[in-house]
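Report on the structure given below.
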Amino acid sequence: DIIRTIRDPEKPNTLEELEVVTENCVEVQEIGEEEYLVIIRFTPTVPHCSLATLIGLCLRIKLQRCLPFRHKLEIYISEGTHSTEEDINKQINDKERVAAAMENPNLREIVEQCITEPD
């Protein structure tokens, strides 16, 4: 429910409407006492999607802010659905790179626009 309303950076649709994320792409495992591993596998609309890293960043930021329990997040592009999935997976799961990206005011503004709940 948390990620279904994230909007695509280029289109007026949500990631759910574009089938970038579905209920089947979310996996939650208990890894400790009241601590969970949340795995998201998203599918870009095209294999060369230039915004796949940004979509992964939006997923990570929204979940970090909204999950009400202790968690570890792993976000991946669905296997075989993007031409540079390995590089993008490394980027969106690297804390330093995510922090650096969110220090960029332009990038931060785009992320905020994508993850802000519609009124």
query = Can you list residues whose amide H is under 5 Å from residue 76's amide H, if they're 5+ apart or on another chain and H is modeled 1.01 Å from N?
reply = 40, 41, 42
key: Heavy-atom accessible area order for 112, 117, 23, 85, largest first, 1.4 Å probe   = 23, 117, 112, 85
ask   = For the stretch 23-119, which chymotrypsin sites (Phe, Trp or Tyr not before Pro) are in a loop by DSSP, counting at most 12 other Cβ atoms within 10 Å?
value = 69
task = Please work out the Cα center distance from the stretch 36-61 to the stretch 74-100, rounded to the nearest Å.
result = 7
ask   = If you average the sequence gap of Cα pairs under 8 Å that are 6 or more apart and divide by the length of the chain, what percent do you get for the contact order?
value = 28
ask   = What is the spread of the Cα atoms of the stretch 1-52 along each of their three principal axes, largest first, in whole Å?
value = 40, 21, 16
request  = For the chain, set up a Gaussian network in which alpha carbons nearer than 10 Å are linked by springs, and say which option among 28, 20, 98 fluctuates the most.
outcome  = 28
query = From the square roots a ≥ b ≥ c of the eigenvalues of the alpha-carbon gyration tensor of the chain, which class results: rounded (a/c under 1.5), prolate (a/b over b/c), or oblate?
reply = rounded
ask   = Can you give the calculated 222 nm mean residue ellipticity of the chain, where each DSSP H run of n ≥ 4 adds -39,500 (n - 2.57) and the sum is split over every residue, rounded to the nearest 500 deg cm²/dmol?
value = -11000 deg cm²/dmol
request  = Run the 1.4 Å probe and let me know the accessible area of residue 65, rounded to the nearest 10 Å².
outcome  = 130
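The values are calculated or read from the model by the stated rules, or taken from the named source; none is laboratory data. It should be emphasised that the depicted structure is a prediction, and the values quoted were computed from it without experimental measurement. Cβ sites come from the backbone with ideal geometry, for glycine too, and all protein chains shown count toward neighbours. Just the protein is used for accessible areas: all its heavy atoms, side chains included, with ligands, DNA and RNA removed. Shrake-Rupley method; radii C 1.70, N 1.55, O 1.52, S 1.80 Å.
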